[in-house]
Every structure is written in structure tokens, then in C-alpha cells.
Amino acid sequence: MARQTRSETKDSVPKEFPEVLPSSYPGAVGGAYLIESVMQMQKSIGELSSHISHLTAASEKHGEKIDRISHRMYAAGIVLTIVLGIGGFLLNKIWDGVFKLLQVTPYPPG
């Protein structure tokens, strides 16, 4: 391909415009299409709202479960503390009894 000179490329603008206007597209975005699109968006937004309300309810249930678990943990800690206190008291009394028995009983002569 031969290179064009500047004088040949200068005349790129047409000298005459067409006399016939291009035909317009009848209803490129028709009313029915627009209404259908809006209805589909409304349906999608409704579904999203439904899913969001479901997730909100589910998260509230999880919060209640976590509260129940935390209350059980506190109760278990309190019960464990009480049991360990009673067990420690009993072990202390048993140790005192064993110590007194060892002091009172004389060793056999040997």
C-alpha cells in the first residue's frame, strides 16, 4: 500500500451531506420494555428484602443461643467453684484426721 500524501488525506470531510434523514428506530426503548424492566427490578428488590428479613431473624436467634450458652457457662463456673470449695473443705478435714491418727498411734517398738 502506498502512503498517501497530506493533500490527499486533507479532504476527509464529505462535501455534501445526504438529503435523506436516517429512519428513526420506532420505540427503541418501548414503554412495555421499560415497564417490564421496572417490574423485574421491583421483584428483585422484594426478594432481597425478604432474604434480609430472614437473615435478621436468624441472627437474632443466634444471639439468643449465644446468650443461653453464656448463662450456662456462668452457672457451670459457679457450680464448679462450690464443688471445689466443698471438696477442699472435706480434704482438709480428712487430712487433719489422718494427721491426728498418726500422732496418737505409737510406733511399734522395734
Selection count where residues are surrounded by 10 or more Cβ atoms within 10 Å (Cβ to Cβ) and modelled with pLDDT under 75, scope the range 28-55 = 1
Within the range 57-110, track down each residue that is modelled with pLDDT under 90 and of a type in the set (Val, Ile, Thr).
-> Ile66, Ile69, Val98, Val104, Thr105
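The values are calculated or read from the model by the stated rules, or taken from the named source; none is laboratory data. Just so it is clear, the structure is predicted and the values come from calculations on it, not from any experiment. Heads up, the Cβs are rebuilt from the backbone with ideal geometry, glycines too, and the neighbour counts pull from every protein chain shown.
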